[in-house]
Each structure stands twice: as C-alpha cells, then as structure tokens.
Amino acid sequence: MNTSAASRQNYVMDIDHPTNEPTNDLSSIAIQHAGNGIVVTDADNTILQVNPAFCRISGFKEAEIVGRKPFLLRSGEHDESFYNRIWKVLHQDGFWQGEICYRHRQGGLFYVWETITAIQDKANNITHYVSAMTDMTELKQQQQALSELANYDALTQLPNRHYFSANLKQSLEMSKRHDSKVALLFIDLNKFKAINDQYGHRAGDNLLVEVAERIARAVRTEDTAARIGGDEFVVLMPRVSARYMLESIANRILKRLSPPIQIAENLEINLSASIGISVYPDDLKDKANFNQARISQSDDDAEILELADQAMYVAKENSLPFCFYDQIDNYQPKSREDLVSLGN
C-alpha cells in the first residue's frame, strides 16, 4: 500500500471511532484546529463530525447539525441538477471540487470553495465523505462591490453605460436568433442645465436620483433602465411585439415624471422630458433616409442608440413628448449637427 492509501485508511479508522481515540490523536487535532471548515458524514450522508471552523463559517453549533443531513444548508441558489452532478462526479472520480453557496444559520448566504472526498474501505466501498470548505464570502462581496462600481451609476444606482452597452449587444444577438424586435427609449430631461445652474449641483443630483427611481418604476420587469450621461437615460425593451407597447411605456414614463420633484428643502420643481424611440431591426433598414445623412459604419448597437438619440432631438425641437425614429421625416429635416446644437 502506498503512503497515500495508508494515510487514507488511517484517516478512515479515525473518523470511524472519533470518540474512542485519545485526545492527542493527530488526525482529530488536525480537524479541530484546521482553518478550513471540515464536515464528515457517513455513507448515507448523515453528518458525524464538524470542526469549529465550520461552525464559525455556517453559524451552526455542533450539536445543532451532527446527526442531520447537509440538505439543511442548501441556499436555493443551486437547482437539483447541480447536486446530481456533484454525486455523479464523486462516484466516478472519488472527489469533487467547486464553489457552493449555502444558507447561514441566521438566514443569509455564505460562499465556500469546497472539496468533497469519498473515503473507501479495503473493499472499495464508500464509508464516509469528508468535506473541506474555504470561506469565500468576503471575496464574493468584494467582487460584487467591484462589479457594482464597474456596472452601476454611483449616483442613481441604475445600470451605467458600460452595463447597458453589454446588455444591448446581448439583446440584439437574441433578437437576430429569435427574429424578434428590440426597442430603445432615449430620455433627455428638458432644461436640466438651467436647473443645475440655478439651484446648484446638489439639487441637480437630487433631481437625477428621483428621476431614476421614477423611470425604473415605469418600465416592465424585463426592461433595463440605465443612466448613460449627465441627464440622459435609456430604456432597453427586448421582445417588443407592437408599437402601442412603446407608446404606453413612453407615456407612463412621462406621467411618472410629471408630478413636482423636491430637489431641496421647501423647493419643488416641475420637470418634463423628451423621448426618442428606435426599433431594431426595422429602423436600421431606413437610417440612410434621414436627410441623406448616413450614419458612419458601426455595430448595430451603436447605430440603434444613435437613431433613438436623433428621434429624441426631433421630439425636443418640436415640443413633442416622444418621437419614433420612423416619424422624423414628418418634421422639418435637420442635419445631425443642427440637432446636436439644440442642446437642452
């Protein structure tokens, strides 16, 4: 028998008779003082032993968990097929390793990197399972915080341009695959610069936060509302089937924005917005017809956003609540440069 096999056999003997071993048994001492959480179960997956590190990670006391199944730790973050794959690999290879999310005794979630080893006797029958867990919860929280910094606007907590752009690309790919339509609503606040200049940046920030909350409450659960510029917001609507749906959402947003907004103590203002709407892939087919101003060659996601932006400027110039891109020829044609010069 090689050293590894001998060690495994000795370890099996230790966990078979944990209460009969002397207190100075090296294996028992190692388990009790290990920095990683250790869980030992029998062949039926009933918990026989846990160490203090596991109790610290999970929040459970030893008496609360010994004699029970690890099932009580399940968080609901993994489906049954996830656990079935673990058992399949365990029986094929003798061990499994990966990240698992568990439910803490106090109700929260904790994340571990876990190695589960199947312990066999001389007849190759599984007698025990030993799990070693490294707590990854703090690391996951740090990763989540970094992700939020990279993908969410710090002021409004809405997705930012980076997140929105990635989501738009994905939505357009799904649209191509399933022959469905995607719409963009480009929302620009009217006279925001004047409000910011008159009342100050803090009041302007308060306004943007309230606007973001109202827009987010106006859209469907499957839509993405994002802030992509100072006073510029967009709503990405996948799987749109009818024009009236877009009109309904645009009107709902404008209605949400219409009540006075408190931007400072004893100071409320009335706000309006201009909305431009583009539809993929329909509007891309006709984009060259806008005063012969062909948009420079670029990806579909950049183009469809540009078309919604153009429609928004037409709405702003003509005092419209919203405008579809395919309607802009109904109004006095302007070059892109002229539209941009309109500003806020």
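What to note about this one:
- With respect to the stated conditions, Ser58 fails to be among the small types (Gly, Ala, Ser), surrounded by 12 or more Cβ atoms within 10 Å (Cβ to Cβ), on the phi < 0 side of the Ramachandran plot and over 27 Å from the mean Cα position of the chain (by Cα).
- Of the criteria (1) assigned to a helix (DSSP H, G or I); (2) surrounded by fewer than 21 Cβ atoms within 10 Å (Cβ to Cβ), which one Val211 fails: (2)
- Being modelled with pLDDT of 95 or more, aliphatic (A, V, I, L, M), under 30 Å from Met312 (Cα atoms) and not in a loop (DSSP other than H, G, I, E, B) holds for only one residue in Ala183, Ala150, Ala132, Ala118, and it is Ala183.
- Index of the failed condition, Ile275 passing every other in (1) assigned to a helix (DSSP H, G or I); (2) modelled with pLDDT of 95 or more: (1)
- Qualifying positions in the range 324-339 - of a type in the set (A, V, I, L, M) and modelled with pLDDT under 55: Leu339
- Residue within the range 70-79 that is over 29 Å from the mean Cα position of the chain (by Cα) and either more than 12 Å from Ala132 (Cα to Cα) or in a strand (DSSP E or B) (or both) present: no
- Test: Asp179 is on the phi > 0 side of the Ramachandran plot and out of contact with any Cys (no Cβ under 8 Å at 6 or more places or on another chain): yes
- Residue in the range 214-236 that is surrounded by fewer than 16 Cβ atoms within 10 Å (Cβ to Cβ), in contact with a Phe, Trp or Tyr (Cβ under 8 Å, 6 or more places away or on another chain), more than 23 Å from Pro281 (Cα to Cα) and touching a residue at least 24 places away in the same chain (Cβ under 8 Å) present: yes
- Failed condition for Ala194, given (1) in a helix (DSSP H, G or I); (2) within 28 Å of Glu268 (Cβ to Cβ); (3) at pLDDT 95 or above: (3)
- Within the range 78-103, tally of residues that are of a type in the set (Val, Ile, Thr) and under 18 Å from Asp44 (Cα atoms): 2
- One residue alone among Asp42, Asp16 is modelled with pLDDT of 95 or more, farther than 26 Å from Thr137 by Cβ, surrounded by 11 or more Cβ atoms within 10 Å (Cβ to Cβ) and more than 33 Å from the chain's Cα centre (by Cα), and that residue is Asp42.
- Which numbered condition Met136 fails, given (1) in the same structural domain as Gln49 (by TED's automatic domain parsing); (2) touching a residue at least 60 places away in the same chain (Cβ under 8 Å): (2)
- Taken together, Ile100, Ile119, Ile86 contain a single residue that is in contact with an Asp or Glu (Cβ under 6 Å, 6 or more places away or on another chain), surrounded by 15 or more Cβ atoms within 10 Å (Cβ to Cβ) and in the same structural domain as Gly35 (by TED's automatic domain parsing), which is Ile100.
- So Tyr244, is it assigned by TED's automatic domain parsing to the domain that holds Ser272, under 15 Å from the mean Cα position of the chain (by Cα) and part of a helix (DSSP H, G or I): no
- Meets criteria (touching a residue at least 40 places away in the same chain (Cβ under 8 Å) and of a type in the set (S, T, N, Q)) for Asn167: yes
The values are calculated or read from the model by the stated rules, or taken from the named source; none is laboratory data. This is a predicted model, so every value here is computed, not measured. Virtual Cβ from ideal backbone geometry, glycine too; neighbours counted across all protein chains shown.
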